[in-house]
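Let me begin by presenting the structure, written as structure tokens, before commenting on it.
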Amino acid sequence: PFAAPTANFTWNSPCVLTATQFTDLSTQGSGNIVNYLWTIDNVWNSILQNPSYSFTTTGPHSVRLVVTDVNGCRDTLEQNILIDSLPVADFAWNIVCANVPTQFTDLSNPTGSVIASWNWSFGDGGSSNIQNPTHLYGQGGFYTVKLTVAKPNGCSASATRTVVIDSIPVANFT
């Protein structure tokens, strides 16, 4: 009698609309594993050892892995994984001039959770990781500001806006 393999796997991302990478952790029995059959929600199939899949809906999803070895022995593992929603990134700012601090306000929606991190890029090389930062622009112009927010489980989203900073007026008279 041959010893059967043991099916096992893990995944890296529990986020909707994000590629979830599945990693085979199966162990062989008496022979090398030669076939992998993944099934998600009894709809999607893959024969790759380590496939990826993008879930289009949140909630629990059934993932099954069947491994078969060179002797025809097989094992099956089915797990339910919970797919979470993405946060909605959004922000506002006050209208200011160059050399006057611009206040940015996070308006993001964590969609059923909390925001765990903020990553701001102010379009002039400056950045911040606090929720509601201020930033000083040295000159007027158009700046592409990006905010990326993430939930504790790593689900993240970004918002990008063009911020117009007015130049400081030059006083002059005759």
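The table below gives the values:
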| item | result |
| --- | --- |
| Cα gyration tensor, the range 3-70 - rounded (a/c under 1.5), prolate or oblate | prolate |
| Accessible carbon and sulfur surface of the chain relative to its total accessible area, %, 1.4 Å | 53 |
| Surrounding net charge for I115, when Lys and Arg each add one and Asp and Glu each subtract one, Cβ distance under 14 Å | -2 |
| Estimated translational D of the range 96-174 in µm²/s (Stokes, Kirkwood radius over Cα pairs; 20 °C; 1.002 mPa s) | 155 |
| Derived scalar couplings ³J(HN,Hα) [the range 10-18; Karplus, 6.51 cos²θ - 1.76 cosθ + 1.60; whole Hz; x for Gly, Pro] | 9, 9, 10, 9, x, 10, 5, 6, 10 |
| Cysteines in the chain that, by Cβ-Cβ distance, have no pairing candidate under 4.7 Å | C73, C97 |
| Solvent exposure of the range 1-100 as accessible area per residue, Å², 1.4 Å probe | 54 |
| Most positive-pole-ward Cα, V88, C15, P110, against dipole of the range 1-131 from beta carbon charges | C15 |
| Equivalent ellipsoid, the range 26-174 (semi-axes from 5 times Cα gyration tensor eigenvalues, Å) | 53, 15, 11 |
| Evaluated at q = 0.13, 0.17 Å⁻¹: base-10 log I(q)/I(0), Debye formula over Cα of the range 93-139 | -0.34, -0.53 |
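The values are calculated or read from the model by the stated rules, or taken from the named source; none is laboratory data. Keep in mind it's a predicted model, so treat the numbers as computed, not measured. Cβ sites come from the backbone with ideal geometry, for glycine too, and all protein chains shown count toward neighbours. Heads up: the accessible areas ignore ligands, DNA and RNA and are worked out on the full protein's heavy atoms, side chains in. Shrake-Rupley method; radii C 1.70, N 1.55, O 1.52, S 1.80 Å.
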